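Data block below; observations after.
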Amino acid sequence: MAEGERKALIVGAGIGGLATALALQNAGWKVEILERSGSLEPPGTGLSLWPNALAALERLGVLDEILAAAVPVRGDVLDMDGEPIMLLEQLEVRRRYGLPIQMIHRNDLTSILAKRLKVNTVHLGLGVTAFHLGFPRSSVEISTGGRKNADLVVGADGLYSVVRSALLGVGAPRSSGTTALRGICDAAGLDNGLVPWGEMWGDGGVFGATPLPGGRVYWYGTLPTKALDPYRSQGWKTAAASTFAPWHRGIRSVIERTPEDAIMAHELFDRKPEPVWSARSATLVGDAAHPMLPFLGQGGCQALEDAVALADALAQHEAVADGLIAYESARTRRANKIVSQSHSMARLAQLDSEKLRKARNTAMRLLPKSFRLKQLDAVVGYEGR
């Protein structure tokens, strides 16, 4: 390591970890990522990239590659009959923010980020079993034995982060009582006029369908976790069809085209927002810092914002500890607000009372466009030109 070169250890090679590594590498840091799994390939799902995420990816120097691997999508909200509750057209978003919402496969995003890192930056199959806060350096114990230390340790190890537990204390995440079913199918043969593109707010859950590059469709649906119990022996495809196909006649064709082994079920959790993520020579990004429910599509987007903000803050301060204070000042309030908004949106989107759903839909249809855009401004961090 060159004299004066600062070293960072990043625990976890998800979106937040890879993006943080690239941001720090671009700022002149020596970076190592420790990833417990043997592969960089995340679960095969789609990921929405809102304008704030695209701005971060531009700062990382990969926006052109991302746009080549993504497709623009609408952000419409529909009722169970496929009728609009709230329309958010690509042109409308593009005019306001410069780019429309993009949809990308998670594998493509992580691959693009990883390819920009220097050789031997990512160490697969190397888990972190313990974290030790120190000053001026912190250290981690690794699964193969021994320790590694660095000027900065970044916990990017998700909901059950080892680094978070040591920094903030062990505590269980909040269960939403909801499980998400997700899948990808081939779009060949689908009647595009029949598929309810966008997100449907139905009886106690949501169902969304969006295009992916390569002639594919990404879909997802949420339902109460307890409602999955009768289907655990039958498979998630049966659960998805039984739950969502009755909502709209276009849903069944999407689910039927999805192989059983391409459907995943994940219970949804978040955590109560914390005002502090850092201490001396360590901090958190992404789900390790602010795990959130997916009802605003901001989980990955906020992790990308973290990466850029952390590198900027450290570049502006000679002492790592001072840089981490600046990072928290830039990020905690905004990210924690998104956590709370996502929690509230989960309740609004998943009403199980028909009477309340009708009242909600009517009220949202009456909202003027200016109000809807102002709400979106707050989510994507847009302050106008």
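The values are calculated or read from the model by the stated rules, or taken from the named source; none is laboratory data. Here the structure is a predicted model, which is why all the values come from computation and not from measurement. Reconstructed Cβ throughout: ideal geometry from the backbone, glycine too, with neighbour counts over all protein chains shown. Ligands, DNA and RNA are stripped out before the accessible areas are found, and what is left, the full protein with its side chains, is counted by its heavy atoms. Shrake-Rupley method; radii C 1.70, N 1.55, O 1.52, S 1.80 Å.
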> For the stretch 311-371 and the stretch 57-97, what is the separation of their Cα centres, given in Å?
Replying inline: 18
> When DSSP beta bridges are limited to those with both residues in the chain, what percentage is antiparallel, rounded to the nearest 5?
Replying inline: 70
>> Show me the ranking of peptides 370-381, 282-293 by mean Cβ neighbours inside 10 Å, starting with the highest.
In response: 282-293, 370-381
> Taking a probe of 1.4 angstrom, what is the accessible area of Ile338 in Å², to the nearest 10?
Replying inline: 0
> Based on the Kirkwood radius over alpha-carbon pairs, what value in µm²/s does the Stokes-Einstein equation return for the translational diffusion coefficient of the chain at 37 °C and 0.692 mPa s?
Replying inline: 152
>> Could you derive backbone 3J(HN,Hα) for the stretch 142-149 from the dihedral phi with the Karplus parameters 6.51, -1.76 and 1.60 (θ = phi - 60°), listing whole Hz in sequence and x where the residue is Gly or Pro?
In response: 10, 5, 8, x, x, 10, 10, 9
> Excluding same-chain residues fewer than 8 positions from Lys7, which aspartates and glutamates have a Cα within less than 19 Å of its Cα?
Replying inline: Glu32, Glu35, Glu141, Asp151, Asp157, Asp306, Asp312, Glu318, Asp322
> Tell me, what HN-Hα J-couplings in whole Hz come from the Karplus equation 6.51 cos²θ - 1.76 cosθ + 1.60 at θ = phi - 60° for each residue of the stretch 338-352, using x for Gly and Pro?
Replying inline: 5, 4, 5, 5, 5, 5, 5, 5, 4, 5, 5, 6, 10, 4, 9
> Applying the Karplus parametrisation 6.51 cos²θ - 1.76 cosθ + 1.60 with θ = phi - 60° to the phi angles of the stretch 179-194, what ³J(HN,Hα) value in whole Hz is obtained for each residue in order, glycine and proline being reported as x?
Replying inline: 10, 9, 9, 9, x, 10, 10, 7, 7, 4, x, 6, 8, 4, x, 9
> Ordering Glu328, Glu354, Glu89, Glu318 by how much accessible area each has at a 1.4 Å probe, largest first, what is the list?
Replying inline: Glu318, Glu354, Glu89, Glu328
>> Using just the Cα positions, wrap the stretch 69-206 in a convex hull and report its mean projected area in square nanometres, one decimal place.
In response: 13.6
> What residues qualify as long-range amide H neighbours of Ile33, i.e. H under 5 Å apart, gap of 5 or more or another chain, H built at 1.01 Å from N?
Replying inline: Ile10, Val122, His123
> How many angstrom lie between the C-alpha centres of the stretch 270-300 and the stretch 179-221?
Replying inline: 28
>> Under 17 Å between alpha carbons, and skipping anything fewer than 8 positions from Lys358 in its own chain: which aspartates and glutamates qualify?
In response: Asp79, Asp81, Glu83, Glu199, Asp203
>> Using the Cα centre of the stretch 1-147 as the reference point, and only Cβ charges (+1 on K/R, -1 on D/E), how large is the resulting charge dipole? Debye, rounded to the nearest 20.
In response: 760
>> Going through the cross-link list Lys226/Lys355; Lys115/Lys237; Lys337/Lys369; Lys337/Lys374, which pairs have a Cα-Cα distance over 26 Å in this structure?
In response: Lys115/Lys237
> Among the aspartates and glutamates, which have Cα under 13 Å from the Cα of Lys272 when same-chain residues fewer than 8 positions away are ignored?
Replying inline: Asp287
>> Give me the percent of accessible area attributable to carbon and sulfur for the stretch 1-151, probe 1.4 angstrom.
In response: 48
> To the nearest 10 square angstrom, what accessible area does Phe135 show with a 1.4 Å probe?
Replying inline: 140
>> With a 1.4 Å probe and all protein chains left in place, how much accessible area per residue does the stretch 89-222 have, in Å²?
In response: 42
> Taking amide hydrogens as modeled 1.01 Å from N in the peptide plane, which residues meet the under 5 Å criterion relative to Leu284, leaving out close sequence neighbours?
Replying inline: Gly155
> Applying 1/(1 + (r/R0)^6) with R0 = 51 Å to the Cβ-Cβ distance of Arg232 and Glu141, what FRET efficiency is obtained, to the nearest 0.05?
Replying inline: 0.90
